[in-house]
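Here it is: the structure, laid out below.
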């Protein structure tokens, strides 16, 4: 029977500092992508945001409409302490699948791989429903499978294409060339357009 990766599970991971996925900084592929964005008025959503180094980078670089979502409270509190001038109303303590609103860009960084794999089709559908027409889903997915039980849960490009093709045009979907060293050769970088 699959484990329930619910709010208390993730809260406990943060309070016990069991956060092996946390890189402590924005990763190179996302930084490079963000540096190409010119429209600072984009409404940006980062689901399963964790400690949200991506949001801090965006916010410090003039993107003021960044929204963070996490089912666990601890990472949102960590972020609020680290970035005290970030608008508190843009820190959303809720389940991604119950989220409403419309966004121009959704950033994927270790959220998809943390979900029970049976939720992947629902993730693709929900991402599309939260994006404006022409909105983009951009970020990283693991392109490998893991030997031990997850999370994280890996997968393949071919598997992921099945989930996203009904809702998105593939602008970019290939092996990341600039992954951080521990993830070199194991990540796909994607830019999908609704």
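Report those helices (runs of 4 or more DSSP H) wholly inside the range 24-118 carrying at least 3 residues which are over 22 Å from residue 171 (Cβ atoms).
Output list reads 53-60, 73-82.
Among residues belonging to the range 142-152 that are within 14 Å of residue 117 (Cβ to Cβ) and either modelled with pLDDT of 90 or more or touching a strand residue (DSSP E or B) at 6+ places or on another chain (Cβ under 7 Å) (or both), point out the one that is surrounded by the most Cβ atoms within 10 Å (Cβ to Cβ).
142
Further, regarding this structure: What number of residues within the range 176-194 satisfy the criterion of being modelled with pLDDT of 90 or more and under 17 Å from the mean Cα position of the chain (by Cα)?
Matching residues across the range 176-194 total 9.
In the list 33, 103, which residue meets the criterion of being more than 25 Å from residue 154 (Cα to Cα), surrounded by 13 or more Cβ atoms within 10 Å (Cβ to Cβ) and touching a residue at least 60 places away in the same chain (Cβ under 8 Å)?
Exactly one residue qualifies, and that residue is 103.
Continuing with the same structure: Can you tell me how many residues in the range 153-184 are surrounded by fewer than 16 Cβ atoms within 10 Å (Cβ to Cβ), in contact (Cβ under 8 Å) with a residue 24 or more places away in the chain and part of a loop (DSSP other than H, G, I, E, B)?
Count: 3.
Among the listed residues 156, 174, which satisfies the condition of being farther than 20 Å from residue 47 by Cβ and touching a strand residue (DSSP E or B) at 6+ places or on another chain (Cβ under 8 Å)?
174
The values are calculated or read from the model by the stated rules, or taken from the named source; none is laboratory data. Worth saying up front: this structure is predicted, and the values here are computed from it rather than measured. Neighbour counts are summed over all protein chains in view; Cβ atoms, including those assigned to glycine, are modelled from backbone coordinates with ideal geometry.
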